[in-house]
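The values are calculated or read from the model by the stated rules, or taken from the named source; none is laboratory data. This one's a predicted model, so the numbers in the text were calculated from it and none came from an experiment. For neighbour counting, all protein chains shown are included, and Cβ atoms are generated from backbone atoms with ideal geometry for every residue, glycine included. Calculation scope for accessible area: heavy atoms of the full protein, side chains included, ligands and nucleic acids excluded. Shrake-Rupley method; radii C 1.70, N 1.55, O 1.52, S 1.80 Å.
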Amino acid sequence: MTEPSASATAGISGVIEAIDRLKGYLTGYKPDTRSVTYDYRSETSEMTMKITVPDNRGRKVGKVKIPREEGYEIREMFSSGDFRPVGAKWDQNSDYWILDPADLPVGENFMLRLNNENVNEGVFEEIIDLNVPEDPMSKSGVDQYWVQSSIRDPKTLQDIYKDFKVNNVDLNIRVGVQPCFSTGIPDDVTERIERTRELIEASNEGDRNAVSTAHIRRREARKQGSVTEQEIASLIRSLANPGKFREFISIESPYRQENIESNTLSNEVFPEEISVEIATNLDLEQQAAKGTLKFEKESYTEHIEEETADLL
């Protein structure tokens, strides 16, 4: 998004200044910001503002201009009393949104809804504070990740705005699973995968002696079972499948579980971690959200053991 001064001014004041600057373009019409809503995930914002335009000769003096560089687009305008859409048209050119007050219908109070579809990431850093741990606390076979998100300086925002929200505040927790696979999968199966990887690496390097040695080691390892390496790899991928992994994850309210992503078997024999995305909404009533994401590590390891037992 384009809010020029927001990234240049430290703290929440930068965001307030950007909104106040927008109100400045409506000087003379008593602009009153009723609600401000940011969407953290989509990096967008929406603002609803009340303006008072006296129904007199003053409407014929000058036009309202809002610079497009502020990043906002005029979505709609409606009467404050009955919420009927206003027929007056906002024109636009490469530099401004333009309204001729003389085109407004009878009445004085109007609501203006503006959207910003490209909010700069730095703006969210000023609004929201996130706490996401890299390492969990382990207790009774369960890995626990304590998370927190909060609105910065809510007191200042309460003094200025009637309604301020930040929706879809996403946090990404990288849950470590490599120990589960190392422990749960039989050593003979692990050795076969290792030997196959050694052969691929030797082939890529073009070292004939290394390739010959890797072939022999792989052939010896293959004697330990009847399934192919492709079947083993497919099973491991299925064990890290988001749909299955979701059964071993829980998160406390007010957070909700969103996407789970697993990039398996890229460079490692087993996936090292699985990314779990959680989200919540914050506003001036719920200024902070705390919760614990729990990973049933021991149960997941046992599940891997059960599913791979037939590979021997």
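Residue by residue, here is whether (1) β-branched (V, I, T); (2) crowded, with 18+ Cβ neighbours inside 10 Å; (3) assigned to a strand (DSSP E or B) holds:
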position: E17; (1), (2), (3): no, no, no
position: K23; (1), (2), (3): no, no, no
position: S45; (1), (2), (3): no, yes, yes
position: T48; (1), (2), (3): yes, yes, yes
position: I51; (1), (2), (3): yes, yes, yes
position: D55; (1), (2), (3): no, no, no
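Annotation: T213 fulfils all but one of (1) modelled with pLDDT of 90 or more; (2) surrounded by fewer than 17 Cβ atoms within 10 Å (Cβ to Cβ); (3) of a type in the set (V, I, T); the unmet one is (1).
For the stretch 178-197, the count of residues that are modelled with pLDDT under 95, open to solvent by 40 Å² or more (accessible area, probe 1.4 Å) and within 28 Å of the chain's Cα centre (by Cα) is nonzero. Check the stretch 92-102 and report whether any residue there is at pLDDT 90 or above, touching a strand residue (DSSP E or B) at 6+ places or on another chain (Cβ under 8 Å) and not in a strand (DSSP E or B). Scanning the stretch 92-102, I find at least one residue that is at pLDDT 90 or above, touching a strand residue (DSSP E or B) at 6+ places or on another chain (Cβ under 8 Å) and not in a strand (DSSP E or B), so the answer is yes. A289 satisfies every condition listed in (1) at pLDDT 95 or above; (2) out of contact with any Leu (no Cβ under 9 Å at 6 or more places or on another chain) except (2).
Within the stretch 142-177, can you find the residues that are touching a strand residue (DSSP E or B) at 6+ places or on another chain (Cβ under 9 Å) and of a type in the set (D, E)?
Once the filter is applied, which keeps residues that are touching a strand residue (DSSP E or B) at 6+ places or on another chain (Cβ under 9 Å) and of a type in the set (D, E), the stretch 142-177 yields D143, D163, D170.
Among the residues of the stretch 91-103, the ones that are over 22 Å from E46 (Cβ atoms) and surrounded by fewer than 16 Cβ atoms within 10 Å (Cβ to Cβ) come to 6 in all.
In the stretch 278-307, the residues that are in a loop (DSSP other than H, G, I, E, B) form Cβ pairs under 6 Å with partners that are open to solvent by 60 Å² or more (accessible area, probe 1.4 Å) and modelled with pLDDT under 95, at six or more places apart or across chains, as follows: L284/Q158.
Table: residues versus (1) surrounded by fewer than 16 Cβ atoms within 10 Å (Cβ to Cβ); (2) outside any helix (DSSP H, G or I); (3) at pLDDT below 90; (4) out of contact with any Ser or Thr (no Cβ under 7 Å at 6 or more places or on another chain).
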| residue | (1), (2), (3), (4) |
| --- | --- |
| F83 | yes, yes, yes, yes |
| K89 | yes, yes, yes, yes |
| P105 | yes, yes, yes, yes |
| F124 | no, no, no, yes |
| E134 | yes, yes, yes, yes |
| S138 | yes, yes, no, yes |
| S150 | no, yes, no, yes |
| D159 | yes, no, yes, yes |
| K165 | no, yes, no, no |
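If you go through the stretch 57-75 and pick out every residue that is open to solvent by less than 50 Å² (accessible area, probe 1.4 Å) and either out of contact with any Leu (no Cβ under 8 Å at 6 or more places or on another chain) or in a strand (DSSP E or B) (or both), you end up with 8.
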